[in-house]
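This report concerns only the one structure given below.
The values are calculated or read from the model by the stated rules, or taken from the named source; none is laboratory data. Please read these numbers as outputs of a predicted model, since none were measured by experiment. Here the Cβ positions follow ideal geometry from the backbone for every residue, glycine too, while neighbour counts run over all protein chains shown. Heavy atoms of the whole protein, side chains included, go into the accessibility calculation; ligands, DNA and RNA do not. Shrake-Rupley method; radii C 1.70, N 1.55, O 1.52, S 1.80 Å.
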Amino acid sequence: MTPHMSGKPDDDAPYRSGELALPVARMRQAGHHAVDLVVERLQNVADEPPHAAAGPAELETLLHEPLPEQGSDLISLLERLAQDVLPLGIRFDHPRCFAFVPTTGNYPAALADLLSAAFLSVPGAWLVGSGPTRIELTTIAWLRELLGLPDGWGGLFVSGGSLANLTALAAARDHHLAGDLAGARLYCSTQAHPSIARAAHLLGLDRAQLTALEPDRAQRLDPRALTARIEADRVAGLRPFAVVATLGTTSTGAIDPLAELTAICRRHRMWLHIDGAHGAALALTSRGSHLREALGRADSLTIDPHKWLFQPYEAGCVLVRAPELLKNTFGMARHHLDAGYLHPAQAQGDEINLDDYGPQQSRGLRALKLWLSLKTFGAAAFRRAVDHGLRLADHAAARINDHPELVLVTGPGVGILTFRYRPPGTATTDPQALDRLQHTISRTVCATGQAMILTTRVQGRIVLRMCTINPATTPTDIDTALDLVLQAGRTQLPM
Ligand SMILES: Cc1ncc(COP(=O)(O)O)c(C=O)c1O
């Protein structure tokens, strides 16, 4: 038996032309099949439960297999992925999936990912991808317009909010600290996203150098507490350099007081970064238009199109008031390794090398999905879709407020609300039993396969949490989910 037939590696055999390609007819057939699978999924998402899971042992049996030394049929592989593998997880586009910050994706965006992968689009150096670079620059300009940011703001697409926060804070560090981290202090509230702490760590700040302040009762960064802390730190000889304000905290959707925080940062010559990964999209709507001025006065902003702009993963964006500061941090030329091979790719004249503005050199054309979906559906449809999420949250809040067994705790602000089930009559008021009850309700609702509602913690107490930003969700879906909460709460009684 030859090594080839035994399935063992045959390193000595020469590459046979076409071994890593498919015949044209087969490519078309597999491509059509993939599109059929995608369309089927989009059509049927509401008929399936919002969450499907399998345990590690089951999945190991199903998916842990030896390196496939020989190839197999592509269409069968696509089938298997679509049937057995990719559906396992949260279906964020399910109309009754209210978990975390769901994105829905959209069909043109999925095609954009296919195209940019097939065309090997790299908006890195102009030489490498001038068309892709121009698409990204145009998409950034559209985002600027959608958010009402002044001319001059710029930035780039990154994998998501975590990398956007890291990228902005790297520029803030370099701009304010000039290479000396001693005594540096970065501020946020305890409600900021964990990616802020991760960014601080990656940027070389130790735990004491990130000050996370307790929020006020509305879960917002308290400007008075912040001022007091900055002033005390200055007196102690420390170097406050940046504040992170969150526009739409992940847990409760709180909006930190942006105008006051801007004033504090201006007074103390500090950088204001706004993490609007989820909530910045609110500025697209007339209800959120008051935020636009505050956004434009910040130094940097995170927005995640893979949240409330309905894009598939990965699509994050970092925008800064002075884009040249990104270049100061990331520009290839500032580093001193021998990169002679990059000279041919240096930007000439008014060419722009976007890889000078962020941490990646080879970068995918993430902007294309937003570009293609904005062109296909129009910005007006996006604005209406964001507003729809706000109306759904209003509807949920009204139903909760109207019901004696439900208590609204926070929201509905940026399409996120938290609430509790409160047992009627003589049932327990023991806080810990009530906390356990909320957990049990969440698990019971999820187990019905009808809706997905998870929990969070507000002021030390467990609450149910819904994020209502899916354009396919209807008020009836909200009612159904809340009915499931009531049923689950009642069946747990008496405690
Ligand atoms: C406010 C906020 N910032 C940052 C992030 C991190 O974004 P990503 O998961 O895209 O890295 C999230 C994610 O939910 C978020 O809600």
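Conditions tested, residue by residue: (1) open to solvent by less than 60 Å² (accessible area, probe 1.4 Å); (2) among the small types (Gly, Ala, Ser).
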| residue | (1), (2) |
| --- | --- |
| His32 | no, no |
| Arg41 | no, no |
| His64 | no, no |
| Arg80 | no, no |
| Val85 | yes, no |
| Ile90 | yes, no |
| Ala99 | yes, yes |
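Among the numbered conditions (1) within 18 Å of the chain's Cα centre (by Cα); (2) among the small types (Gly, Ala, Ser); (3) open to solvent by 30 Å² or more (accessible area, probe 1.4 Å), the only one that Gly415 does not meet is (3). From the set of residues in segment 189-211 that are assigned to a loop (DSSP other than H, G, I, E, B) and open to solvent by 50 Å² or more (accessible area, probe 1.4 Å), which is farthest from Val318 (Cα to Cα)? The residue in question is Asp206.
Quick one: in segment 144-164, of everything that is within 15 Å of the ligand (Cβ to nearest atom) and part of a helix (DSSP H, G or I), which residue is nearest to Thr285 (Cα to Cα)? Among them, the one singled out is Gly161. Taking the criterion of being within 12 Å of the ligand (Cβ to nearest atom) and among the β-branched types (Val, Ile, Thr), the residues of segment 251-287 that qualify are Thr252, Ile255, Ile274.
Is segment 69-76 home to any residue that is more than 23 Å from Ala315 (Cβ to Cβ) and touching a residue at least 60 places away in the same chain (Cβ under 8 Å)? Within segment 69-76, one or more residues are more than 23 Å from Ala315 (Cβ to Cβ) and touching a residue at least 60 places away in the same chain (Cβ under 8 Å). Of the residues Ala164, Ala141, Ala118, Ala182, the single one that is modelled with pLDDT of 95 or more and in contact with a helix residue (DSSP H, G or I) (Cβ under 9 Å, 6 or more places away or on another chain) is Ala164. Residue pairs whose Cβ atoms lie under 6 Å apart, sitting 6 or more positions apart in sequence or on different chains, and linking a residue in segment 366-378 that is open to solvent by 30 Å² or more (accessible area, probe 1.4 Å) to a partner that is assigned to a helix (DSSP H, G or I), are Trp371/Ile135; Trp371/Thr139; Leu372/Pro108; Leu372/Ala112; Thr376/Pro108.
The residues in segment 300-318 that are small (Gly, Ala, Ser) and either part of a loop (DSSP other than H, G, I, E, B) or more than 7 Å from the ligand (Cβ to nearest atom) (or both) can be counted, and the count is 2. When we screen Glu79, Glu69 for residues that are assigned to a loop (DSSP other than H, G, I, E, B), of a type in the set (D, E, K, R) and not assigned by TED's automatic domain parsing to the domain that holds Asp477, the only hit is Glu69. Starting from residues that are more than 30 Å from the chain's Cα centre (by Cα) and of a type in the set (Gly, Ala, Ser), keep the ones in segment 329-346 and report whichever is most open to solvent (accessible area, probe 1.4 Å). Among them, the one singled out is Ala333. Pairs linking a residue in segment 293-311 that is in the same structural domain as Ile140 (by TED's automatic domain parsing) to a residue that is within 10 Å of the ligand (Cβ to nearest atom) and of a type in the set (S, T, N, Q), with Cβ atoms under 6 Å and 6 or more positions apart or on different chains, are Thr302/Asn165; His306/Thr103; Lys307/Thr103. Only one entry of Asp483, Asp477 meets the criterion of being in a helix (DSSP H, G or I), open to solvent by 40 Å² or more (accessible area, probe 1.4 Å), among the acidic types (Asp, Glu) and farther than 20 Å from Arg287 by Cα, and that entry is Asp483. The residues of segment 338-359 that are within 21 Å of Thr167 (Cβ to Cβ), touching a Phe, Trp or Tyr at 6+ places or on another chain (Cβ under 7 Å) and of a type outside the set (Phe, Trp, Tyr), listed by number, are Ala347, Ile352, Asn353, Asp356, Gly358, Pro359. Restricting attention to segment 245-294, the residues that are among the aliphatic types (A, V, I, L, M), within 19 Å of the chain's Cα centre (by Cα) and within 19 Å of Leu226 (Cβ to Cβ) add up to 5. Every residue in segment 249-274 that is among the acidic types (Asp, Glu) and open to solvent by less than 10 Å² (accessible area, probe 1.4 Å), please. Scanning segment 249-274 gives a single hit, Asp256. Residue count for segment 234-288 under the criterion of being under 30 Å from Asp387 (Cβ atoms) and part of a loop (DSSP other than H, G, I, E, B): the result is 16.
Among the residues making up segment 216-234, those that are open to solvent by 30 Å² or more (accessible area, probe 1.4 Å) and either touching a residue at least 12 places away in the same chain (Cβ under 8 Å) or within 16 Å of Asp180 (Cα to Cα) (or both) are Arg217, Ala218, Arg220, Asp222, Ala225, Arg229, Arg234.
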